[in-house]
Amino acid sequence: MLSFDNTEVAFSGKTASDLRRSYWLFKMVSNSALVSFGRSFTTFAINTHLPIRAFIKATIFRQFCGGEDIHECLATVESLGKYNVGSILDYSVEGMKSDADFDKTAGEIIDTINEAKTNRHISFAVFKPTGVGSISLHEKVGAKTTLSLAEQEAWKKIQVRFDNICKKAHDNNVQLLIDAEETWMQQAADDLTHVMMEKYNKERAIIFNTAQLYRKDRLDYIKRACDDAKSKKYFLGLKLVRGAYMEKERARAAKMNYPSPINDTKTDTDKLYDAALQYCIEHIDVISVCAGSHNENSSMLLASLMEKKNIPHNHPHIWFSQLLGMSDHISFNLAKEGYNVAKYVPYGPVKNVLPYLIRRAQENTSVKGQTGRELSLIIKEKQRRASAK
Ligand SMILES: Cc1cc2nc3c(=O)[nH]c(=O)nc-3n(C[C@H](O)[C@H](O)[C@H](O)COP(=O)(O)OP(=O)(O)OC[C@H]3O[C@@H](n4cnc5c(N)ncnc54)[C@H](O)[C@@H]3O)c2cc1C
């Protein structure tokens, strides 16, 4: 029977020294003052070329990233694969601004698709729309603002990058997730992604859009998208997440005086997320779903919805996904029970993935002095191993 309590399974891929390293890392990041200081110091040190790259690489980078390039990630991909946990190579370089940067990122995503087509442990490719085009242009296109000639040219280039990536995924039969970002850029990305789904999802869901269920409007969006897929005869690929930009969304809405698009409470988000899972399972003939979540209840709910409908654990339309270095108790226990699981394996040069690492550290700081979930699980497993000796 599926349970997320089994830390022996959760950490089966971790040696004693891996566990010790993770323990000290989560112990350090549980201290919010330390994380706050670390954040400022690290950014300063990297920008002024202080020699701390090796330290970051051996500690927090090693916990949450697969490597600095695709090749360096392959050992992680292999070791997850040993336990039937797939990988999703996630080029996590942020803050791109120029056409040259966007082309470089698009080329990198295509390289991940090339790797995925021959590596059976790589389950999906992934990209962020703002990695291949500016957020301000996405915003203008979404708001139907009149574009200058230069902007029209730039938007055409974004469309071409999207199409090149999606075509490559389709031609090589590699499933592709497209991440969701801020509401003010998302409409343009949604529109473009739906064009791609209609074009490339005729035989199966290759292209997956992402729905953030912290948004009040996303369950309705999912239902509309499903109707559209049915009427135009293509498969709908959906990654379901709760959403990562809540503070930013609320702050902008307050500043610009419009109603926040985000649910008022966490309970509302949880309800919508779980309702979306239920809807996807009810329409599993048309929808392929990837549940991107570290929430134990939602992960358990998806498994029990499958059970109720007698859907096999390894049904090709249903995936669970977590981030590398987090929630291994969910990923490894699901994989052991034969469910399809894949972890995002972020990668990129240490300097460029710093914003990603800082977010992971902040997420794991202690709330009101409580021991965080990752740290508690590591302590439990250390104790289990000690008493098993
Ligand atoms: C594989 C994977 C892929 C992801 N891809 C994306 C992506 O493309 N785009 C993206 O935006 N995020 C993405 N995320 C991050 C995700 O959106 C969440 O921020 C993160 O996973 C935490 O949510 P949870 O479901 O794991 O669990 P939980 O810890 O149960 O939920 C935390 C989330 O609940 C919501 N929430 C918290 N407090 C409140 C409140 N007071 N009111 C309303 N809602 C609240 C927020 O969304 C918060 O992140 C991804 C996560 C994973 C694991």
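The values are calculated or read from the model by the stated rules, or taken from the named source; none is laboratory data. The structure displayed is predicted, hence computed values, not measured ones. In this analysis, Cβ positions are derived from the backbone assuming ideal geometry, glycine residues included, and neighbour counts consider all displayed protein chains. Ligands, DNA and RNA are excluded from the accessible area calculation, which covers all protein heavy atoms including side chains. Shrake-Rupley method; radii C 1.70, N 1.55, O 1.52, S 1.80 Å.
A compact table of results
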read-out	value
Helices (runs of 4 or more DSSP H) completely within the range 214-285 that count 2 or more residues being over 24 Å from residue 296 (Cα atoms) and not charged (D, E, K, R)	218-232, 246-256
2 or more residues open to solvent by 60 Å² or more (accessible area, probe 1.4 Å): qualifying helices (runs of 4 or more DSSP H) within the range 31-126	32-47, 53-58, 70-81, 99-118
Test: residue in the range 32-52 that is under 18 Å from residue 345 (Cβ atoms) and without any contact (Cβ under 8 Å) to a residue 12 or more places away in the chain	no
Residues that are within 9 Å of the ligand (Cβ to nearest atom) and surrounded by fewer than 16 Cβ atoms within 10 Å (Cβ to Cβ), drawn from the range 297-328	297
Residues located in the range 238-252, provided they are within 13 Å of the ligand (Cβ to nearest atom) and on the phi < 0 side of the Ramachandran plot	238, 239, 240, 241, 242, 244, 245, 246, 247, 248, 249, 250
Residue within the range 182-192 that is more than 16 Å from the ligand (Cβ to nearest atom), buried (at least 18 other Cβ atoms within 10 Å of the Cβ) and either touching a residue at least 12 places away in the same chain (Cβ under 8 Å) or not assigned by TED's automatic domain parsing to the domain that holds residue 253 (or both) present	no
Positions within the range 3-30 being of a type in the set (A, V, I, L, M, F, W, C) and surrounded by 15 or more Cβ atoms within 10 Å (Cβ to Cβ), in sequence order	4, 9, 10, 11, 19, 25, 26, 28, 29
Residue match in the range 91-112 (condition: closer than 20 Å to residue 169 by Cα, in contact (Cβ under 8 Å) with a residue 40 or more places away in the chain, more than 16 Å from the ligand (Cβ to nearest atom) and in contact with a Phe, Trp or Tyr (Cβ under 7 Å, 6 or more places away or on another chain))	no
